[in-house]
1. Classify segment 67-120 as rounded, prolate or oblate, taking a ≥ b ≥ c as the square roots of the eigenvalues of its Cα gyration tensor: rounded when a/c is under 1.5, otherwise prolate if a/b is larger than b/c and oblate if not.
2. Starting from the Cα gyration tensor of segment 93-172, take the square roots of the eigenvalues, sort them a ≥ b ≥ c, and report rounded, prolate or oblate (rounded when a/c is under 1.5, otherwise prolate if a/b is larger than b/c, else oblate).
3. To the nearest Å, what is the center-to-center distance of segment 57-92 and segment 260-288, using C-alpha atoms only?
4. Filter the trypsin sites (Lys or Arg not before Pro) in segment 1-85 to those in DSSP coil with at most 15 other Cβ atoms within 10 Å of their Cβ, and list the result.
5. For the ranges 216-223, 99-106, 245-252, what's the packing order if you count other beta-carbon atoms within 10 Å of each residue, average per peptide, and put the highest first?
6. Within a 10 angstrom radius of the beta carbon, how do 207, 78 rank from fewest other beta carbons to most?
7. Given contacts defined as C-alpha pairs under 8 Å and at least six residues apart, what's the relative contact order of segment 30-151, whole-number percent?
8. Determine the sum of side-chain charges near residue 50: Lys and Arg each +1, Asp and Glu each -1, restricted to other residues whose C-beta is under 12 angstrom from that of residue 50.
Amino acid sequence: MRVLGIETSCDETGVAIYDGDKGLLAHELYSQVALHQQYGGVVPELAARDHVNKILPLIRQCCEQAKMVLSDLNAIAYTAGPGLMGALLTGAGVATSLAYSLDIPAIPIHHMEGHLQAALLTDEKPKYPFLVLLVSGGHSLLLSARAFGDYELLGESLDDAVGESFDKVAKLLGLPYPGGPAVAKLATIGDAKRFQFPRPLANRDSYDFSFSGLKTAVANTVNQLGDLSQQDKADVAASFQAAAIDCLMIKLKKVQVQRHYDAIVIAGGVSANQLLRQRLAELAVDTGCQVYFPPLDLCTDNGAMIAYTGYQCLVQQRVKPKDWQIHAKARWLLTALNS
Ligand code: KG4
Ligand code: ZN
């Protein structure tokens, strides 16, 4: 079975084709970073318009790459939310129209389930149940994945998402958007011990996170320093990154000590962070579990994760065959998928 996947929830147009026997046949990604960089963040209207320009050429390119035609597809999966409404509608409109004309199912996919499934796009896969940390620009979620489409929410950020806090700190330091990779890169030459930033909620029993106080502490330090040298910026970046990753690790450890999972899956844009990967590898050794990450190029938004999740929906019969209605939700809880 072959599934076309379309991702347009934010600032990446991602298209891919997944084949149940052969794996990923094609994978194309167009990033709008250059378009939004001059504004210091994503401009929703521009994002939607640019998806309109790129989506059909990318679908064509994927078919050529996979050496197939559209009528070889068994289903079309698309990101139905959460995300920017105009951007979502572009992908959803194209996906449902194409699926209708081909008389095949259109499968609405939850963006965060797509991120989670990207970590399973490898030969070695974890067995359910496993612990999941989903960390992106819009979400920080700690979940127990009991089965495909059955997720127990253990904790989440009460304010900013962790990726968002990287983006805001990058802005404070005058670094380009998207901030995560820029902060992480600068942090490699910084002293992570120079500034003692807070680890909010670290001593609370809950598994929830909070990042807005950390960002405010960084803003205060930046203001106090005044004119920042390159070394000052690097030290702030490294000290912030250490605190942010600590916040995630403290809660992960807490769950792991109490629940003893055999496998932990980390996904979403921030799962590309090398310090997080290193700390996770240490946790795996300490607690005798396996840690699974998506391949580096599939950590941030992409079409492959949507195509693969759509394929899982087909296999698990989580598909409404004749539903060609356009589904798009700016806000959508992952646990709403639980049947
Ligand atoms: O999953 P994603 O591509 O889009 C959303 O669904 O939000 O995640 C993007 C987020 C951004 O906030 C970006 O700054 C962050 O992931 N990010 C990183 C790194 N690479 C991307 N944060 C920290 N370290 C990184 N290496
Ligand atoms: Zn994402």
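1. The shape class here is oblate.
2. Oblate.
3. Rounded to whole Å, the Cα centres lie 31 Å apart.
4. Here the trypsin sites (Lys or Arg not before Pro) that fit, given the DSSP loop and packing criteria, are 22, 67.
5. Packing order, densest peptide first, comes out as 245-252, 99-106, 216-223.
6. 207, 78
7. 18
8. Every neighbour counted, the sum reads -1.
No value in this document is a laboratory result; all are computed from the given coordinates. These numbers were taken from a predicted model, which means no experiment stands behind them. Neighbour counts are summed over all protein chains in view; Cβ atoms, including those assigned to glycine, are modelled from backbone coordinates with ideal geometry.
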